[in-house]
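A short write-up of the structure that comes next.
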Amino acid sequence: MNRVIQIAASGIIATMLAVGITACGGKQEADSSANTQTDTSALSQDGNTQTKASSITDGPTVRAKIDEALATSYKNVTCECSTETTTTLGQLQSNGSSKTEVKIDATSNPHRYYTSYDVPGEDGQPIPLEVYIQGDDAVVIQGEDSIGVNVAGNSMQALVTRPGLYLDATWVDALLDHAQSWQMEVKDNETKAAAMIEPQAVVDLGLFDTSTWPLNAEAQLAALSFTIDESNHITNATISVGVTGSGAQMILNLVNTYKDYDATDLAPTPEPKYLAELPEE
């Protein structure tokens, strides 16, 4: 492994550690029994045992826990989404981040999404927008105006609907089919499960805008991790990718934090006053 890849690898592992999981190296064949290490504390004052954490690297066991969480139904949820990028070129390093909040109505088919954010105006002043998306149809609200547009394949659609992918069993299963190793830790009532993923599989699913990558860049490492609460709801889903190209290294993290299951208030999508077409990207 050359120095460029080592930097990318260390960044991925640091990300995994940040969510409580140490990345496993190398491809691991599934065993019929879980590889488990448990650290149990002494009896507490009330006489009950308290399990500190158990570490599991058996693929079927970890995947079964993720599948169980994905199968847990919900009516609605709020997701705080962030994209974090660190680029290193020689001694120079730059960091970028963006955040948005998305509300998901899971009672609709397809699911309905809502978010609000600012876009720069002609005079440099931010213009607040509200966006409702269901399938390929969107209603964008600016002040008292509401515009209906088709957003099929548009970056706006990808930005707003992305959080729902991590709660979609079909999509996650397609990604986990390319898992190379697994790790899960259980502590108190919280489970953290992660998988190292074949990097090209992440690229092929179109999760990242590769036009922002360095010239001739390739994904070297990829990791997907989940945090699951005692109700089997996913409270965090993070995908991290290490990229190298033309002497530069990038660490990209897509972090989704879920809250307010079945307690998220998402107003009905308003009827648009006008119809418009978005330019092709």
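The values are calculated or read from the model by the stated rules, or taken from the named source; none is laboratory data. Small disclaimer: the values here were computed from a predicted structure and weren't measured. Here the Cβ is made from the backbone with ideal geometry for all residues, glycine too, and neighbour counts use every protein chain on show. What goes into the accessible areas is simple: the full protein's heavy atoms, side chains included, and nothing from ligands, DNA or RNA. Shrake-Rupley method; radii C 1.70, N 1.55, O 1.52, S 1.80 Å.
Overview of results
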| item | result |
| --- | --- |
| Per-selection Rg to Rh, the range 105-161 - Cα, Kirkwood hydrodynamic radius | 1.01 |
| Length-normalised contact order for the range 137-263 - Cα pairs under 8 Å, 6+ apart - percent | 16 |
| The range 117-208: GluC sites (Glu not before Pro) falling in loop per DSSP and having at most 11 other Cβ within 10 Å | 122, 144 |
| In order through the range 160-172: 3J(HN,Hα) via Karplus (6.51 cos²θ - 1.76 cosθ + 1.60), integer Hz, x for Gly, Pro | 7, 8, 3, x, x, 4, 6, 10, 9, 4, 5, 5, 5 |
| Within the accessible area of the range 59-134 (1.4 Å probe), percent carbon and sulfur | 48 |
| Solvent exposure of the range 59-134 as accessible area per residue, Å², 1.4 Å probe | 57 |
| Accessible area, probe 1.4 Å, largest first, for residues 265, 118 | 265, 118 |
| The range 137-263, Rg to Rh (Cα coordinates; Rh as Kirkwood inverse mean 1/r) | 1.03 |
| Prolate/oblate/rounded label for the range 216-256 (Cα gyration tensor, a/c 1.5) | prolate |
| Euclidean distance of C-alpha centroids, the range 135-153 and the range 190-208, integer Å | 31 |
| Carbon + sulfur, % of accessible area of the range 137-263 - ligands and nucleic acids excluded, 1.4 Å | 44 |
| Neighbour net charge for residue 191 - beta-carbon separation under 12 angstrom, K R +1, D E -1 | -3 |
| Cα-based shape type of the range 59-134, given that a ≥ b ≥ c are square roots of the gyration tensor eigenvalues and the cut on a/c is 1.5 | oblate |
